[in-house]
Amino acid sequence: MGIVHGRAGAGNVGRREILEAREYEIGEDGGNMLVLLNSNYEELSREAARIVAGAVRSKPNATLGLATGSTTVGMYKELVRLHQVEGLDFSRVVTFNLDEYLGLAPKHPQSFHCFMTENFFSHVNVAARNIHIPDGTIGGDYEEYCAAYERAIYEAGGIDVQILGIGRNGHIGFNEPTSSFGSRTRLKVLTSETIEDNRKFFGPGEEMPECAITMGIGTILEAKKILLLATGEAKAETVAEAIEGPITASVTASCLQLHPDVTFVIDEAAGARLKQRGYYRRVMEMTARFTPNRLS
Ligand code: F6R
């Protein structure tokens, strides 16, 4: 599984070289932010999968940045369906997951390794050598390990499409409030809110990890295209802050306002607190009319 179990050294690609080599590729439409309002979770899952599938069809060796979490389950289910029914081919696709809990072995049922195997990898034809998920059992030189993860993304040509969920506190990946917008893959301490939100997935008496390895905000912002998925009213406040609020490290998803090709794929409930809903619908209609490629 790629570098998952590896302990690759920092190698000879320096951080500055990485930063210089990764420049935004702005699309032909000049780059913009879109809000795709869907009527429900099923529709948003299909929309997200449709966009990912389109990226894989147009670039069969695309590099996908993947997220876990309950929001993404429907999208993976639809991608699996597209693979099984329509032959969507992932054989040349390369994947990098955003994060993993520190201390959880890949076989731990609550690990993000396990989530990815159960919801996606065991049902599609992504080559095992092309799968990268941070190793939660890494002990010792975290900085070296995280630098190697960054280097592997660079060597894969950067991320073409990055999938994100959003935490109730506005986190993307495990970039908790106050994370630096320049941050790279690193060890991150989870907030008590995130720990509480995820404790339900762990058995009674089972210890919930308090740290994770996560791609940084700087890593995420270098993806060529970003999709953020959000469902349900519990996310409505933070979605509104991310899209319409000030750009602030207190809501790390608000950094996406700086990205030239980001699409928020949300349902009505998650979009309920947006002030500009009518405007986003009109933008969608005009985009479909004038720059339909932006929607694929
Ligand atoms: C998971 C991740 C997190 C989740 C977020 C939302 O890889 O990076 O940012 O996307 O916590 O989780 P759900 O979808 O479970 O509400």
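Counting lysine pairs in the chain that sit 8 or more residues apart in sequence, or on different chains, and whose Cα atoms lie under 18 Å apart gives 4.
Rounded to the nearest 20 debye, the dipole magnitude of the chain is 560 debye, with +1 charges on Lys and Arg beta carbons, -1 on Asp and Glu beta carbons, and the Cα centre as origin. Close amide-amide hydrogen proximity is noted between residue 100 and 213, each under 5 Å apart and 5 or more residues distant or on a separate chain (H modeled in the peptide plane; Pro and chain starts excluded).
Between residue 84 and residue 42, the distance separating the two model label sites (each 7 Å from Cα on the Cα→Cβ line) works out to 1.7 nm. Which of rounded, prolate or oblate describes the chain when judged by the alpha-carbon gyration tensor and an a/c cut-off of 1.5? Rounded is the answer for the chain, as its axis ratio a/c remains below 1.5.
With both labels modelled 7 Å from their Cα along Cα-to-Cβ, the residue 122 to residue 275 distance reads 4.8 nm. Checking the a/c ratio against 1.5 first, then a/b against b/c, what shape does the Cα gyration tensor give for region 147-296? The shape class here is oblate. Annotation for region 109-147 versus region 215-285: alpha-carbon center distance of 26 Å.
Helical runs assigned H by DSSP (4 residues or longer) give the chain a calculated mean residue ellipticity at 222 nm of -10000 deg cm²/dmol, each run adding -39500 (n - 2.57) before division by the residue total. Summary of packing: across the peptides 157-170, 76-89, 211-224, 53-66, the per-residue average of other C-beta atoms within 10 Å ranks them, highest first, as 211-224, 157-170, 53-66, 76-89.
Near residue 162, the amide H atoms lying under 5 Å from its own belong to 65, 225, 226, 227; only residues 5 or more places off or on other chains count, and H is placed 1.01 Å from N. Computed with a 1.4 Å probe over protein heavy atoms only, the accessible surface of region 152-296 comes to 42 Å² per residue. With a simple spin-label model that places each label point 7 Å from the Cα along the Cα-to-Cβ direction, the separation between residue 237 and residue 110 comes to 2.4 nm. Within the chain, DSSP assigns beta bridges of which about 25% are antiparallel (rounded to the nearest 5). When you count the other C-beta atoms within 10 angstrom of each residue and take the mean per peptide, 104-111, 249-256 line up highest first as 249-256, 104-111.
Look at the alpha carbon pairs under 8 Å that are at least 6 residues apart: their mean separation over the length of the chain gives a relative contact order of 26 percent.
Packing order of peptides 34-41, 138-145, 45-52, highest average first: 45-52, 34-41, 138-145 (average count of other Cβ atoms within 10 Å over each peptide's residues). Potential lengthening of the chain between residue 288 and residue 70 amounts to 75.5 nm, from the contour at 0.36 nm per residue minus the alpha-carbon distance.
For the chain, carbon and sulfur atoms together expose 51% of the accessible surface, with a 1.4 angstrom probe and every protein chain in place. With springs only between Cα atoms under 10 Å apart, run a GNM on the chain and tell me which of 258, 227, 190 wobbles the most. Highest fluctuation of the listed residues: 258. Across region 123-136, rounded Karplus estimates of 3J(HN,Hα) from the backbone phi angles (6.51 cos²θ - 1.76 cosθ + 1.60, θ = phi - 60°) give 10, 10, 10, 6, 5, 3, 5, 8, 9, 10, 9, x, 8, x Hz, Gly and Pro being marked x.
The values are calculated or read from the model by the stated rules, or taken from the named source; none is laboratory data. For clarity, every value in this text was computed on a predicted model and none was experimentally measured. Note that each Cβ is placed from the backbone with ideal geometry, even for glycine, and that neighbours are counted across all protein chains shown. Surface areas here come from the heavy atoms of the whole protein model, side chains and all, with no ligands, DNA or RNA. Shrake-Rupley method; radii C 1.70, N 1.55, O 1.52, S 1.80 Å.
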